[in-house]
Each structure stands twice: as C-alpha cells, then as structure tokens.
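The values are calculated or read from the model by the stated rules, or taken from the named source; none is laboratory data. The structure presented is a predicted model; accordingly, all values stated were derived computationally and were not measured. Cβ atoms come from the backbone with ideal geometry, glycine included; neighbour counts cover every protein chain shown. For accessibility, only protein heavy atoms count, side chains too; no ligands or nucleic acids. Shrake-Rupley method; radii C 1.70, N 1.55, O 1.52, S 1.80 Å.
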Amino acid sequence: MVRGKPLRNGGKYSQTHKPYKKNRNGPTPSRTIMTRSQCSTSCTSFFSRIPAEVFDMILDKLSVLEISVFSMVSKEITRYIADYISTVAWKNKMILQSFHHSSCIEQKSTIGHYRDLGVLFKRCTLLLPTKDRLKFIFKILRGVLLILLQTLIAGWDELECHRVFNFLCDLTNLQQKTEGVITAKPGWYQELQLRLFCRQVLLDPWPNQPECHFWLMQLLKPWPLVSQAHLLFILYGPLLPEGEITGLPHTALWHLAKAILLLFGNLQVKGWSTDSMITIMEELIVIPHPWHVENVARLLVLCGSNLCYTVLASKALNGRLLEISRIIVYIILVCEKDGYHMSWAVKLVQEICKVFNTPPEKFYFIQQLENTFSEVTREFFEFSVAGNHFDDRETFQTLCILLDSCAHFHTKFLHMFLR
C-alpha cells in the first residue's frame, strides 16, 4: 500500500490506493473528495432541474415562515423566492389583508401574519445593502409598514436605523409635511394626519422605550426647541375643541406626560439639558393658547416628582413666586381630585423651600403660597356669586374640593414639622 499525494481540492483529506499501471491513453485520473459548496458550484442543483411551475406549486403549499426558512438554503433559492414574492399574484394573496376585525383573535392572527412577513423579507434580503433591502421591501408593500418595519430592523445598530429613517423621510416627504404643519396656521386635519402617521408607523408599535425614544428623537431634533414643543403637542397632546378647557382629565394628558418622561427622564442622553427641557415645557403650556393652571398642574403631577420639582425650582430661582404659588395650589387641588396622597405635595413644597438660601426668603415663599390659597378660593366663590352660578354644581364642587385639599395639605404640613 502506498499513500497518495495530498489532494489539490481536498484540504487535509487524502486517500490510500494501489498504483495503477500507465496506459497508452495517458495517466488515470485520481479520485477526488468534493465539499458541499464545491458540489453546488460545479453541479446543477436539484431545485434548478424542477420546472418553474412545479416550484411555484411547492412554494404555494408552504407557510410564510416556512418560505423564510427555505430562503436561507442557498443564494439561488433566495433569488428565486425574491422573484416569487414580487409577483402580483403572491402580493394579492398575502399582502392585501383587511385590518378591520370583528374579534380580538382575528386581530392577533393578522398581526402574527405580518410579523412572519417581516421575518421573510428580512431573510430574503439578508445579503443586500440596507438601501437595496428597503427598496425591495417598499416596492412590494408600499403602505403596509406598521409591523413589518418593527420586525425588519429589530437588532440593527443606530447607524442603520438612521438610514431607515432617512429613507422613510424621502419616501413619504415627512420632513416637508412636518414643516408645513408646524410653521403654518393650525390646521386640525393636517395635524391629525401627521399625528396618526407618526404614532401608528414610527412610535406606537415599539414595545420598548429605547426604540420609541430613538424614533421620537429623529422626529424632533431637526427643529428648534419652539418647533419641537409644537410637534410634541401635535403628536401626543390632547385633541382639544376650540376654546380653553378647564380641568382636563388625566387621561387627556397621560400620553403627553409619557412622551415628556421618555425624552427627559434621563437628561444624560446626548442632546438634552435641563434648560432645553424647561424651554420645551414652557412652550408646551401655551399651545395653541395659554393653558388653564389646573391643566398645567395636572401635567406636572403626571410627569412625576423629579421633573415637577425641576420646573418649579427653575421658576423659584428666577423670582416667579406668584406663578409657582398658583401652580402649587392647583397641584394640591389635583392631588385631592385625582386621589394622590397629600404628603407628595407637602414634600414638593419642602424641596422648593430648600432653593431659597435665607430664612426671610423661605418665609416670604410660604406667605405667598398661603395668600394664593386665599385668592384662588375667593375667585371660585366670586365666580359663583357674580353670575348667579349657584346652580353650577361643578364650580361649587371644585370650591368644596379646594377647601378640603387646603385642610388636608396643612394637616400634613404641620404634622411633618411637629413630629
């Protein structure tokens, strides 16, 4: 037995065999061992020998998820499946599904279907550059972005997500439409269109805060702070009728408060500072016209202790004692109305007191707060008396709640000092 020479294409593989005699027709070819990839390049694949009509019939029998797994078999299969899902027949069968459901089960089924489509498109375009992937997908889908976009870019780095956002802006003229809304006179229909598109396609589908924060930042950062506040109100603010509304329910301000916390909950995020947060808050509460103080107080309560304190402390440092005293009185009223514990308001006042350096400054702040209590109470009473509004149960009820909140606040306040 003689060990043969190492095979040229076999790597570490070798073969032992008996030597053959030379014949007149030339040397006898030696045996070779071929890898799977070499076989696939040198031989005709099994699938390429199947007629296209039969191959389409096979794919028709597979589910969307099964096709997505099948697409990863080889480049040839990937190309064929990409052509297959680009056909009008397949799009009519798989894409054009109604989103109007009679039951929650049907809705979950459709959402699952579009998630599977997202996986299919992700796998079919795996070897393409980001821009080409997006072009291919949008050529097929056009308007069906909601769930597919979320599934497609899951796990992509921030640079790739930036490219996706820029592509979407070019495709939909988003920047031009946004500029038209925030620089023109308020138009309810145009604002609602922008709100629905951004919320349903870019913001609301994300289950995690970091992804939603990224997309919201992309929408806001091209604009100055005043325009950012305007856009934030369009996207998350209450859908208001004309005229000033006194005492909006917390449900009307909840989404706006969540968006503010998403943006400013961590001021270490690059691009944001305390000053920019305060500027946006100051602009928000005058859109589309100055808010009633109760609505300002309710928004601050929903935003939580840290942000509420930051806003009020900034006003205190700038000497706006009358303004913050009025806001604090309404914060106390909101706590009583909405069922928040009064000790939260007391701690807030204690923290604001620490802003002032000298005892006379602290005394003057407390004195201003107490005078504002009396002034707001007198305003409610005079409103009822002046216009014969004794039958206005809402105003009378608010007056009673204010008196109760004043009593509860001072009880907690004194208890904290005396214990």
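Overview of results
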{"read-out": "Cα convex hull of the range 307-418, projected area averaged across orientations, nm²", "value": "7.4 nm²"}
{"read-out": "Segment residue 366-residue 170, extension gain: residue separation times 0.36 nm, minus the distance between their alpha carbons", "value": "65.0 nm"}
{"read-out": "Length gained when the stretch residue 131-residue 65 is fully extended (0.36 nm per residue, less Cα-Cα span)", "value": "21.4 nm"}
{"read-out": "From phi via Karplus (6.51, -1.76, 1.60), per-residue ³J(HN,Hα) for the range 54-70 in Hz, x at Gly/Pro", "value": "5, 5, 5, 4, 5, 5, 4, 7, 8, 6, 4, 5, 5, 4, 5, 5, 4"}
{"read-out": "Distance between modelled label sites at residue 279 and residue 385, nm, 7 Å Cα→Cβ extension", "value": "4.6 nm"}
{"read-out": "Inter-site label distance for residue 179 and residue 157 at 7 Å from Cα along Cβ, in nm", "value": "3.1 nm"}
{"read-out": "Heavy atoms of residue 65: accessible area, 1.4 Å probe, square angstrom to 10", "value": "80 Å²"}
{"read-out": "R0 of 41 Å, Cβ-Cβ distance residue 79-residue 104: FRET efficiency to nearest 0.05", "value": "0.55"}
{"read-out": "Length released on extending from residue 261 to residue 89, taking residue separation times 0.36 nm less the Cα-Cα span", "value": "57.3 nm"}
{"read-out": "29 Å Cα-Cα threshold exceeded, pairs from 221/337; 108/221; 61/122", "value": "221/337; 108/221"}
{"read-out": "Label-point gap, in nm, between residue 57 and residue 354 - each point 7 angstrom along Cα→Cβ", "value": "7.9 nm"}
{"read-out": "Efficiency of FRET between residue 192 and residue 49 - r from beta-carbon atoms, R0 60 angstrom, step 0.05", "value": "0.60"}
{"read-out": "J(HN,Hα) series, the range 398-405, from Karplus relation 6.51 cos²θ - 1.76 cosθ + 1.60, nearest Hz, glycine and proline x", "value": "5, 4, 5, 5, 4, 5, 5, 5"}
